[in-house]
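The values are calculated or read from the model by the stated rules, or taken from the named source; none is laboratory data. On a predicted model such as this, the values are computed, not experimentally measured, just so you know. Backbone-built Cβ (ideal geometry, glycine too); neighbour counts: all protein chains shown. Calculation scope for accessible area: heavy atoms of the full protein, side chains included, ligands and nucleic acids excluded. Shrake-Rupley method; radii C 1.70, N 1.55, O 1.52, S 1.80 Å.
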Amino acid sequence: MKSLFIFIVLILCSLVNYGQSSSVSGTVIDAENNPIEFANVIILNADESEVLKGTSTDNEGFFSIINLEDATYILKISYIGLEDFNQKIILSGNLDLQTIQLSEASERLDEVSIIAKKPTIKREADRLVFNIEQTALVEGNMLQVLKSTPGVLVIGDEITVKNSNPTVYINDRKVNLSSEDLNQLLSGSSANAIKSVEVITNPSARYDAESGVVINIIMSKNLVTGYSGSVFTNFTQGVFPRYNAGTSHFFKNEHISLNVNYGYSNDKINRDGDDIVNFLDTSNTIDQSWRSFTNRNTWSETHNLNVNFDYFIDDNNTLSLSSNALYLPYFKYKIANNTVISDAGGNFLSRFTADNLSRDTKHNLAFDVDFKRNLKKGDIAINAHYTTYNYERNQDVISRFFDTNNTFQNTSAFNTNNNQDTHIFAGKIDYSLPLNESSNFETGVKFSSTNTESDITQFDVDLNTGNETIDASNSDAFNYDERIYAAYANYDLNAEKWSINAGLRVEQTNIEGVSPLTNISNTQDYLEWFPNASLQYNISDDYNVKLNYKRSIARPSYAALNPFQFFLNDNYVVSGNPFLVPTFTDHFVLGTSITDFFTFEAYYQNFDGAISEIPRQNNTTNIIEYISVNFDKTVEFGFDFITNFNVTDRWSVYAVTSFYHLEEETNFGLGFVKQEQWSNYSVLQNDFTLLKDNSLNISFVLTWAGKNLQGFQTVEDRLISELAISKSVFKKKGIISLSVSDLFNMHDYDLSTNYQNQFNKQFVDSDNRYISLGFRYKFGNTKLNSNARAIDTEERERLEKKAN
């Protein structure tokens, strides 16, 4: 680490005399020739699809935007009450526009002008960009936005894209949380600062090799001088009421830019289950049937904080500090279970109840320091990252047993203490070099180090005396150390006929996991290469064909490798598997687009050693164990049809339907098991902008997830529905929002397992049918334009805890 620090310092010291030379300047005045102070001046690319740079005029009306490449831009100048100025400019040096006069607006509406928009969808060779800024969707939380994002499916705590678990980034920074913690972060964070969501199905070599599919949430930030802020609150009524509130603040002047987003949520979430386990005899005939009725309730208080600070050292150098923080001071998890045991004929044999009460505290704090230097040829970015994650759970379980006459017999009880402490350090250097107007080269190196220490202690409790005795067979410790060394190179070309993106990433991984009490160890040392390529040929303005390929890796989570057994009651246990190995995925896509409205794609994915957590019933001990395993073979292929178009100026439609086939095969010790299933996934999204002033926005999304296969479990049909409405009030400074989920009561689902000596099924009734009412009020210079900054990190994703 010391050598890496010295290396970075030497690089910083050597980059002092490089810079870009093109600029544009001018003076803005009103109709009476008075200089206009604080007019917004922004530079957009030629097709006006992206804001590139911005500033504000000084007290003499003067502005200057420097460090621009020689190219064609759109210059836009705006000020409240005056007509906007729009001008195409071609830069090949320093351009002085002299005096620019803004005329009085022919129609003045409100003091603050806000343009309501419909969500827009842009398909690129490697990604789908879902723009939602100033739409009804931003009045909910981040999780609701993901539920409405095309191609993204959110069921319970799991987020999937085409049956794969994506890596979630915020502003190109990896969010390394377990699925449960990620949901808490997203559901407790307001979406009002989201600019767009990128679903990147073929990430470039710049992304970590674990990023097979990426969801990148792009947040807005001020691009011009000034201050703006907002406060919001939401009330949600599901099975139980939920509350959240928060505030966002944006500030920028000549030298600094500051972004602060804070959210607080107070939730009580319900989940019911109806599970049947058919325990089999040696001839695989039903011996006993155990039916469990389970009610789960979760109480939590969550604090989320996101801070981004930029210091503009000079025109070519920027130093940035940022942090993402998740803090749960209160988390209570209560499970009430009643299991009825019957024989093969359905006759009552006995039953037992199990009450489980867990109390957790946890925090996940991430910090980044970034330095970016604009060079005469390209730019260099240096990042240092640190994460600290701490988790503590105290669990109390008491079970009561009843005989064949339903008469109480006896009681058992145990307590469990589970702790995890993780520290992650990472550093990387990226260099980007524009080769010409249509091509770019990127390269970089990265190092990351992860250390986690976990322990679990289970106590048997004597209910008569209250004495606790350590259960040594279910107590353990686990120390995990991981180091990854990575380097990459990537080239992209965007010409009139061809678009090419090709890259190669190499990663050296060293892992050592040790359980000192059981002498179980896991050592892995491997070097792997990860190529990626995207090729698109534009036959004409209306037709193109493309071909994508990417190889990626999915390393086991730290908790999945942890050999602990965590008992939910005497008969249900969640176990780690220290012998898991990584999954390697090869992903191919062949597609074509016809006009801007229709896209057809065919894809093929091969998963070598796919990891999945599955239930395994032991017909001798009558214990259900949830454990992660590697599958010998997993292959998926399918065909997608996508369209998006405007029915009218106020009504847009996005639709996709995908037919796909999944095949899974593995050997559980009794010979190979093979299962396969054809499935359909479809989305229909309608977005409306209503009223004369465009102040009413409506988004309605229907998602059909047909019968499919997931980890040797068959999941039945589901229809997912989301409605979001927002209305501007108080001269468009306030927003009232209403959202409704699961309008048709079809989110809940059945899943079943039936192969060899495994025969069980579940019905999952989640707390996903709700109505939410929200209000947001904006203040400050609310007309400020915004853009987003991108940095990235690694490794925090696999801080996964075992929870059901």
Selection status of A486, within 26 Å of the chain's Cα centre (by Cα) and either modelled with pLDDT under 90 or small (G, A, S) (or both):
yes
Given (1) modelled with pLDDT of 90 or more; (2) over 24 Å from the mean Cα position of the chain (by Cα), where does F645 come up short, assuming only one miss?
(1)
Residues of region 43-58 being open to solvent by 10 Å² or more (accessible area, probe 1.4 Å) and either of a type in the set (K, R) or in a strand (DSSP E or B) (or both), which ones?
L44, N45, V51, L52, K53, G54, T55, S56
Can you report the number of residues in region 1-36 which are at negative phi, modelled with pLDDT of 50 or more, touching a strand residue (DSSP E or B) at 6+ places or on another chain (Cβ under 8 Å) and part of a loop (DSSP other than H, G, I, E, B)?
4
If I ask for residues that are in contact with a Lys or Arg (Cβ under 8 Å, 6 or more places away or on another chain) and either open to solvent by less than 40 Å² (accessible area, probe 1.4 Å) or assigned to a strand (DSSP E or B) (or both), which ones from region 235-251 would you list?
F235, T236, G238, P241, R242, F250
Could you count how many residues in region 312-362 are under 30 Å from D403 (Cβ atoms) and of a type outside the set (F, W, Y)?
23
Looking only at region 695-715, and only at residues there that are part of a loop (DSSP other than H, G, I, E, B) and crowded, with 17+ Cβ neighbours inside 10 Å, the one that is modelled with the lowest pLDDT
G711
Surrounded by 15 or more Cβ atoms within 10 Å (Cβ to Cβ) and not aromatic (F, W, Y): does that describe N569?
yes
When region 588-622 is examined, which residues are found to be of a type in the set (V, I, T), out of contact with any Ser or Thr (no Cβ under 6 Å at 6 or more places or on another chain), surrounded by 18 or more Cβ atoms within 10 Å (Cβ to Cβ) and closer than 30 Å to A560 by Cα?
I614
Is it fair to say L719 is closer than 30 Å to D632 by Cα, open to solvent by 10 Å² or more (accessible area, probe 1.4 Å), of a type in the set (A, V, I, L, M, F, W, C) and at pLDDT 90 or above?
no
Pull up region 729-755, narrow it to residues that are small (G, A, S) and closer than 25 Å to N680 by Cβ, then point me to the one that is least open to solvent (accessible area, probe 1.4 Å).
S741
Kindly provide the set of residues from region 328-348 that are farther than 18 Å from Y572 by Cα, open to solvent by 60 Å² or more (accessible area, probe 1.4 Å) and touching a residue at least 24 places away in the same chain (Cβ under 8 Å), ordered by number.
Y330, A344, F348
When region 436-482 is examined, which residues are found to be open to solvent by 30 Å² or more (accessible area, probe 1.4 Å) and not in a strand (DSSP E or B)?
E437, S438, D462, L463, N464, T465, G466, N467, A472, S473
Do we have N548 as under 30 Å from Y604 (Cβ atoms), open to solvent by 20 Å² or more (accessible area, probe 1.4 Å) and not aromatic (F, W, Y) here?
no
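Here is a yes/no grid of residues against (1) in a strand (DSSP E or B); (2) more than 30 Å from E468 (Cα to Cα); (3) without any contact (Cβ under 8 Å) to a residue 24 or more places away in the chain; (4) touching a helix residue (DSSP H, G or I) at 6+ places or on another chain (Cβ under 6 Å):
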| position | (1), (2), (3), (4) |
| --- | --- |
| N297 | yes, no, no, no |
| V307 | yes, yes, no, no |
| D314 | no, yes, yes, no |
| L365 | yes, yes, no, no |
Among the numbered criteria (1) under 30 Å from T643 (Cα atoms); (2) of a type outside the set (D, E); (3) open to solvent by less than 60 Å² (accessible area, probe 1.4 Å); (4) modelled with pLDDT of 90 or more, which one does S726 miss?
(4)
Return a yes/no flag: does region 519-529 have any residue that is open to solvent by 40 Å² or more (accessible area, probe 1.4 Å), farther than 27 Å from N390 by Cα and either among the aromatic types (F, W, Y) or in contact (Cβ under 8 Å) with a residue 40 or more places away in the chain (or both).
yes
Filter region 665-694 for residues that are closer than 18 Å to N754 by Cβ and outside any strand (DSSP E or B); which is nearest to the chain's Cα centre (by Cα)?
F668
Go through region 367-402 residue by residue and tally those that are outside any strand (DSSP E or B) and either modelled with pLDDT of 95 or more or open to solvent by 40 Å² or more (accessible area, probe 1.4 Å) (or both).
2
Note down all Cβ pairs under 6 Å where the first residue falls in region 589-617 and is among the acidic types (D, E), the second is crowded, with 17+ Cβ neighbours inside 10 Å, and they're at least six residues apart or on different chains.
E601/V589; E601/G591; E601/D640; D608/F584; E613/S628
Looking at V656, V647, V635 in this structure, which one is among the aliphatic types (A, V, I, L, M) and in contact with a Gly (Cβ under 9 Å, 6 or more places away or on another chain)?
V656
Could you please find all residues in region 539-553 being at pLDDT below 90 and in contact with a strand residue (DSSP E or B) (Cβ under 9 Å, 6 or more places away or on another chain)?
D542
In region 481-533, the residues that are among the aromatic types (F, W, Y) and within 20 Å of K428 (Cα to Cα):
Y485, Y488, Y491, W529, F530
Take E676 and tell me if it is in contact with a strand residue (DSSP E or B) (Cβ under 9 Å, 6 or more places away or on another chain), in contact (Cβ under 8 Å) with a residue 24 or more places away in the chain, among the charged types (D, E, K, R) and open to solvent by less than 20 Å² (accessible area, probe 1.4 Å).
no
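For every residue, the table says whether it meets (1) modelled with pLDDT of 75 or more; (2) hydrophobic (A, V, I, L, M, F, W, C); (3) not in a loop (DSSP other than H, G, I, E, B).
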residue: G151; (1), (2), (3): no, no, no
residue: Q184; (1), (2), (3): no, no, yes
residue: A205; (1), (2), (3): yes, yes, no
residue: I215; (1), (2), (3): yes, yes, yes
residue: S228; (1), (2), (3): yes, no, yes
residue: V231; (1), (2), (3): yes, yes, yes
